[in-house]
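Read the figures in this text as sums done on the coordinates, not as results from a lab. Note that the structure is predicted; figures quoted are calculated from it, not measured. Ideal geometry is used to build each Cβ from the backbone, glycine not excepted, and the neighbour counts take in all protein chains shown.
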Amino acid sequence: MKRIEVWADMVCAWAYIGKRRLEKAGLGEDVEIVWRPFQIDPMAPSPAEPLYEALRDPVADGALQACHPDLTPAENRVRVSLVAAEEGLGPPWGAVWRPNTFDAHRVIALAYERGGPALQDAVVERILRAHFVEASDIGDRDTLVALATEAGLNGMAEALDAGQGASEVRAQLLRGKAIGVATSPTFVAGGTAVKGAQPPEVLQDLVRQAAPERELPEEVRLLRHAESLLEARDPLGALRILEPLLADHGDDPAVRLLAARAYFGSAQLGRARQTLESMVEHSPGDHYARFLLGRTLERSNRHAEALPHLRLAAVMSPEPDYTDAVHRVEARLR
C-alpha cells in the first residue's frame, strides 16, 4: 500500500483547501493518507487570543503569510477566502482565534493511533471546520474534546490530561524538520514532496510516481534524521532524536560522534569534551573526533590543550579547516 503524508497546521487555510483537493484526487483505497503535525506559529498563546488582536503582531502576520509566502497577510486572507469558496468551504469563512495547535495535533495523532486513517481524517475535518467555519477556539481543550467526540474519537479528556500524544507530536515535528518540511501543507509520498494546496492532478501524479519507500532499520533512520537536524542547525533537536540511540547504542562510534557534534553545536562543551576524549582514547586515528575535541577545547579557552589535538588532526588529514584551526590557535598562544 502506498502512503501520502500531509504535513499541515490546523490554522492554515491552505491546508483545508489542500484537503478538499486531496479528496477530489480520488487516490483510492490502496493509498493511505496520514496527517502529520506542522506548526506555523509555535509561540501562539494558550489560551488563544482573538485574531484581530493577533493581526497587529508581526509574528502572527508572519505566521499567516507562511501559508502563502508570496502574498502579504491581507492579500493572503482575500485570496484564500475566494479559493475556499471555489472549493465549497464556507460561508461563513475565516478564523477569529489565534490558538496554539499543539493539543490539536495530539488529538489528531491519537486518532490515527486508535482508529487509523479514516478516524484521523474525520477528526481533522472536524477541527478544520470548527476553526475556519464555526469560529471555534481549537486551542481550548474542552472544545477539542467535544470535536473529537463528534468525530467518533472518545476518551480525549483523559488522554490530554495524561499527556498522551505529546511525545509522538514532538517526535513527528522533529522528523518533519529533518526531512525538509518547511511549510503547510506539504504532501510527501515515497520521499518526494510538493508544497502548497496543489491541484488534484498534481497529487495524483505525486502518488503515481512515488517510488516504494526503502524500509530502513530504525537506528539508521534516526541517525539520518539527527544528521539532517545538525545540518539545519538544530543541535538540540538532534539530541532529542538521538536519545533512544544513546540509551540503547551509546557505545556505537557513529552515535557518539553525532552526539558530540550536537553537544558542541548547543554549547554543551563539557559533555562534548568528555564524549570526544573517550572516543579519541579508543580510536586515536579518528582525525575528525580529534579535530572536534581540539575545537571544543578552543571554545572553552583551553588553547594550549587544544593545539596538540588540532595539529595531529591536520597531520592525519589535509583538511583546510584543520589547518586553519591550527593557525588560529597558534596565533592566540603567541
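Here K177 is the anchor, and the lysines within straight C-alpha reach of less than 27 Å, apart from those fewer than 8 places off in the same chain, are K2, K19, K195. With coordinates expressed along the principal axes, the C-alpha atoms belonging to the range 190-334 extend over 66, 33, 25 Å, beginning with the largest. Under 5 Å between amide hydrogens, built in the peptide plane, is the criterion, and for E32 it picks out K2, R3, I4 among residues at least 5 positions away or on other chains. Backbone phi angles across the range 211-221, fed through the Karplus curve with coefficients 6.51, -1.76 and 1.60 (θ = phi - 60°), yield HN-Hα couplings of 6, x, 6, 6, 7, 9, x, 4, 5, 5, 4 Hz in residue order; Gly and Pro are listed as x. With Cα atoms defining each centre, the range 92-160 and the range 226-285 are spaced 37 Å apart in the structure. Full extension of the chain between R224 and T192 yields a length gain of 9.9 nm, computed as 0.36 nm times the residue separation minus the alpha carbon distance. Calculated mean residue ellipticity at 222 nm for the chain: -19500 deg cm²/dmol, from DSSP H runs with n ≥ 4 weighted as -39500 (n - 2.57), summed, divided by the residue count and rounded to 500. Judged by the gyration tensor of its Cα atoms, with axes a ≥ b ≥ c, the range 142-240 is oblate; a/c meets the 1.5 cut and b/c is at least as large as a/b. Counting neighbouring Cβ atoms within 10 Å and putting the fewest first, the residues E298, E330, E158 line up as E158, E330, E298.
I need the shape label for the range 2-208. Rule: rounded when a/c is under 1.5, else prolate if a/b > b/c, else oblate, with a, b, c from the alpha carbon gyration tensor. Present the calculation step by step, with values, prior to reporting the outcome.
On the way: a/c = 1.39, a/b = 1.03, b/c = 1.34.
It is rounded, given that a/c, with a ≥ b ≥ c, falls under 1.5.
Against the chain, whose longest principal axis is taken from its Cα atoms, helix 287-299 shows a tilt of about 90°. Need one word for the range 85-184: rounded, prolate or oblate. Basis is the Cα gyration tensor (sqrt eigenvalues a ≥ b ≥ c); a/c below 1.5 gives rounded, then a/b vs b/c decides. The shape class here is oblate.
3J(HN,Hα) along the range 111-117, derived from phi through the Karplus expression 6.51 cos²θ - 1.76 cosθ + 1.60 where θ = phi - 60°, amounts to 4, 5, 4, 8, x, x, x Hz, with x in place of Gly and Pro. Near the amide H of E49, under 5 Å away, which other amide H atoms are found, from residues 5 or more places off or on another chain, if H is placed in the peptide plane? So E49 has HN proximity to R98.
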